[in-house]
Amino acid sequence: GDGWARWAIDYPKADQQFLVALRRLSLVDAHPGEHAVELDSPALRDHPFVYVLEVGGLSRDERQAERLRGFLEAGGFLVVDDFWGSWAWRNFERQMQRVFPDRRLVDVPLEHPVFHAFYDIDEIIQVPNVRQGQGGPTHEGDGIVPRVRGIFDDDGRLMVLANWNTDLGDAWEWADNPSYLLRYSTFAYKMGVNFVIYGMSY
């Protein structure tokens, strides 16, 4: 909506570095290259795990919402990242209500298998962008508390996982920057590996 490709803010470096880590840290035989795909493209069904970010300005029409709903109901897993504050949350929630009018985004408890699929995550850490990761506050705007929320299907499978008030993608992208704290990048990679393994297993 503001004239530039917000979805590509960390692309392709974050995707590439995450895939290297995923292959190295786990037994997942992931494709070594990144794949950008439109959410309403038929090619979406070729990728059971989809990662999107910067959804504060996301706008889906009815056809796109229907395609995304079909992908998720067929077993796809959508991970959302890098959106901050109450205004971005309200927009994302409105857009997801177009996809699932009868389902709500709810907090995902730390006991959920997504936090234990490979690594045991017992705390949600706010991961800052590269600039803020070198000192100062870790939040953006009024996005002070990091939250992980999701949408579940009727059988309890997590279909959508939203990392709100945090930026895992920047940690993947800047893990090779000596000024970016290891604490953040380590946490972000652990979360990402868990997400992929959960998405491919449940």
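Below are the figures for this structure:
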{"quantity": "Whichever residue in region 10-39 is in a loop (DSSP other than H, G, I, E, B) and over 22 Å from Leu68 (Cβ atoms) and, among such residues, is modelled with the lowest pLDDT", "calculated": "Pro32"}
{"quantity": "Output for region 52-76, where each listed residue is open to solvent by 40 Å² or more (accessible area, probe 1.4 Å) and either of a type in the set (S, T, N, Q) or in contact with a Gly (Cβ under 8 Å, 6 or more places away or on another chain) (or both)", "calculated": "Gly57, Ser59"}
{"quantity": "Among the candidates Arg149, Arg94, Arg104, residue that is open to solvent by 30 Å² or more (accessible area, probe 1.4 Å), without any contact (Cβ under 8 Å) to a residue 12 or more places away in the chain and not β-branched (Val, Ile, Thr)", "calculated": "Arg94"}
{"quantity": "Cβ-Cβ under 8 Å pairs, at least 6 apart or on other chains, region 1-23 side under 18 Å from Met200 (Cβ atoms) and among the acidic types (Asp, Glu), far side at pLDDT 80 or above and open to solvent by less than 50 Å² (accessible area, probe 1.4 Å)", "calculated": "Asp15/Trp172"}
{"quantity": "Count of residues meeting criterion [outside any loop (DSSP other than H, G, I, E, B) and of a type in the set (S, T, N, Q)] in region 173-200", "calculated": "3"}
{"quantity": "Single residue of Ile125, Ile121 found to be under 17 Å from Thr186 (Cβ atoms) and open to solvent by less than 20 Å² (accessible area, probe 1.4 Å)", "calculated": "Ile121"}
{"quantity": "Residues (among the charged types (D, E, K, R) and either over 29 Å from Ile9 (Cα atoms) or open to solvent by less than 30 Å² (accessible area, probe 1.4 Å) (or both)) located in region 107-118", "calculated": "Glu111"}
{"quantity": "Among the candidates Ala175, Ala171, residue that is open to solvent by less than 60 Å² (accessible area, probe 1.4 Å), aliphatic (A, V, I, L, M), under 23 Å from Lys13 (Cβ atoms) and over 14 Å from the mean Cα position of the chain (by Cα)", "calculated": "Ala175"}
{"quantity": "Complete set of residues in region 152-163 that are in contact (Cβ under 8 Å) with a residue 40 or more places away in the chain and open to solvent by 30 Å² or more (accessible area, probe 1.4 Å)", "calculated": "Phe152, Asp153, Arg157"}
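The values are calculated or read from the model by the stated rules, or taken from the named source; none is laboratory data. Note that the structure is predicted; figures quoted are calculated from it, not measured. Heads up, the Cβs are rebuilt from the backbone with ideal geometry, glycines too, and the neighbour counts pull from every protein chain shown. These area figures cover heavy atoms from the full protein model, side chains too; ligands, DNA and RNA do not enter into them. Shrake-Rupley method; radii C 1.70, N 1.55, O 1.52, S 1.80 Å.
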